[in-house]
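Below is one structure, written out as structure tokens; comments come after it.
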Amino acid sequence: MKVTILGAGPAGSTAAYYLAKGGISVELIDRVEFPRDKPCAGGLFNPLLFDNEFPHTKNFPGKDLFKAHFSCGNYSFNFESKVPLMRTSLRSDFDQFLLNKAVEAGADFSIQKNPSPAGKCIIDATGAKKIQDYPRAGICLVNDFPVTEEIDTVYIHYGYQGIKGYFWLYPKHGYANIGVGAYLPQKGIRSLYNSFIDLLEKKAIVSIDKRSCNTKIIPFSTAKSLYSESVLKIGDAAGFVRPGTGEGIFFAMLSGKIAARSIIENKDFAWYEDQCIHEFGIYLKSAAVGFPTTLLNKIMQKVVKVGSKDEEFKKRFSENFFRLEHCRLGASLVKNIFK
Ligand SMILES: Cc1cc2nc3c(=O)[nH]c(=O)nc-3n(C[C@H](O)[C@H](O)[C@H](O)COP(=O)(O)OP(=O)(O)OC[C@H]3O[C@@H](n4cnc5c(N)ncnc54)[C@H](O)[C@@H]3O)c2cc1C
């Protein structure tokens, strides 16, 4: 059997890697040249978990971060962890690394501007496209700005100037990734983005020479359908992003790994859907429930206020944000609550 994968982002390259390792003939197609950039913060949450789940990524040279600063309204707190909270990198580097692994494993990669694949088994890993494809989506603005001094703290700023979402600064080797993610609809996001950079400069956290940014939609709920007769959706195409943080790389790769397993073990596409829901889908759904957009800023102000006074609460909140436990644990917890 031959499998065609459209899209060589983390989802597509991971599916291709595991399929090729499993002895399946794989054609991996992207419509653009690699290395390519993708508007993203480039943060791998919980790097230890990442290395465990995807051992072939263990030697990827990112920047491990142990410190975080959360703020909302008049409140803020710092958190420091003994284990890395996040590993950051440029997406162009990480995605090229994953693509190389897929090709080394035996996947056949090509660039085609308008691919029209035929066949019984096509994997759609083409990323997020139209807002209408997802019941709930957000908008993000982001850029990697070169910096001369290394930054060692992740900055998360909720509800800045009333925005329903959060601004961030994720430090990378030689760069500060500055972005914002907000639930739709959101007016005036570009001027708010500039105003957040003003704030970071005023606090002497960064100094940015030339400002610019990319815009991209982000799914906050699973796509309306995950498969048809011959096409299976993985990653952002399937809407596998954690609402509340926008984390999607891990779930893109995990869904690619599960898709590969379903094909290698000759399971049907319904098995793939069930497995994704079992492994992380319930967790993503519960995260969506936990973040009602209308109350978001009030909740986050309260959370950061309590965190600024209560060490135990601060620790639990921060560990949850960076997902220092496997999502399967979160999923089983939610299952038990609703039993
Ligand atoms: C601003 C922003 C910040 C984010 N920050 C983080 C973060 O810090 N950590 C995190 O975990 N997640 C983050 N995410 C989410 C993360 O970027 C995505 O979840 C992840 O990229 C999904 O991977 P993917 O492989 O499904 O899709 P993509 O990475 O989007 O890859 C899709 C690929 O498909 C190709 N393609 C598209 N159409 C076609 C076609 N017709 N034929 C062939 N190829 C095609 C594209 O060229 C692309 O290479 C962020 C998202 C945004 C928007």
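Every number here is computed from the coordinates shown, using simple stated rules; none is lab data. Please read all numbers here as calculations on a predicted model, not as lab measurements. Using ideal geometry, Cβ is built from the backbone for each residue, glycine included, and neighbour counts are taken over all protein chains shown.
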Item to check | Projected area averaged over orientations for the stretch 167-272, convex hull of C-alpha atoms, nm² | outcome: 9.0
Checklist outcome for this item: Of the convex hull enclosing the alpha-carbon atoms of the stretch 92-215, the direction-averaged projected area in nm² is 11.0
Checklist outcome for this item: Karplus ³J(HN,Hα) for the stretch 28-45 (6.51 cos²θ - 1.76 cosθ + 1.60, θ = phi - 60°; Hz, whole; x = Gly/Pro) runs 10, 10, 10, 8, 10, 5, 10, x, 10, 8, 9, x, 6, 7, x, x, 8, 5
Next on the checklist: If I stretch the segment between Glu53 and Ser92 completely, what's the gain in nm (0.36 nm per residue apart, minus their alpha carbon distance), one decimal?
Outcome noted: 11.9 nm
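From the P(r) of the stretch 1-152, can you give the percent of Cα pairs sitting at distances over 23 Å? Before the final figure, lay out the partial values.
Values: 5575 of 11476 pairs.
Counting pairs separated by more than 23 Å, the tail of P(r) holds 49 percent.
Starting from the coordinates of the alpha-carbon atoms of the stretch 220-322, obtain the Kirkwood hydrodynamic radius over all distinct pairs and give the value in Å to one decimal. The partial results should precede the final answer.
Working: mean 1/r = 0.0657 Å⁻¹.
Kirkwood radius, the stretch 220-322: 15.2 Å.
What is the projected area of the convex hull of the Cα atoms of the stretch 242-286, averaged over all directions, in nm²?
Numbers: hull surface 11.8 nm².
Averaged projected area of the stretch 242-286's Cα convex hull equals 3.0 nm².
Mind giving me the FRET efficiency for Phe34 and Lys302? R0 is 56 Å, r the Cβ-Cβ distance, nearest 0.05 is fine. Before the final figure, lay out the partial values.
Details: r = 44 Å, r/R0 = 0.79.
Efficiency for this residue pair is about 0.80.
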Checklist outcome for this item: Of 152-163, 92-103, ordering from highest average Cβ density within 10 Å down gives 92-103, 152-163
Checklist entry - Cα atoms only, the stretch 7-78: Rg and Dmax in Å? => result 17.1, 56
Checklist outcome for this item: For Ser195, placing the label point 7 angstrom along Cα-to-beta-carbon and taking the stretch 152-166, residues whose amide nitrogen sits under 13 Å are 159-164
Checklist outcome for this item: Stokes-Einstein, Kirkwood over Cα pairs, the stretch 73-163, 4 °C, 1.567 mPa s; D in µm²/s equals 69
Checklist entry - Assuming R0 = 51 Å, what is the FRET efficiency of Thr153 and Ser225, from their Cβ-Cβ distance, to the nearest 0.05? => result 0.80
Next on the checklist: Principal axis extents for the stretch 43-117, Cα atoms only, whole Å, descending order, please.
Outcome noted: 53, 28, 17
Item to check | Among Phe45, Val303, Ala102 the positive-end extreme of the charge dipole of the chain (Cβ point charges) | outcome: Val303
Checklist entry - What number, in percent, do you get for the relative contact order of the chain if the mean sequence gap of Cα pairs under 8 Å and at least 6 apart is divided by its residue count? => result 22
Next on the checklist: Give me P(r) over the chain, computed from all C-alpha to C-alpha distances, binned every 10 Å, as integer percentages.
Outcome noted: 6, 26, 35, 23, 9, 1
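Would you mind telling me the antiparallel percentage of the DSSP bridges in the chain, rounded to 5? Could the numbers behind the result be given before it?
Details: 41 of 62 bridges.
Just about 65 percent of them are antiparallel.
Placing +1 at every Lys and Arg Cβ and -1 at every Asp and Glu Cβ, with all other atoms neutral, what dipole size does the chain have around its Cα centre, in debye to the nearest 20? If you can, show how the numbers build up before the last one.
Working: 44 positive and 34 negative charges, 201 e Å.
Dipole size: approximately 960 debye.
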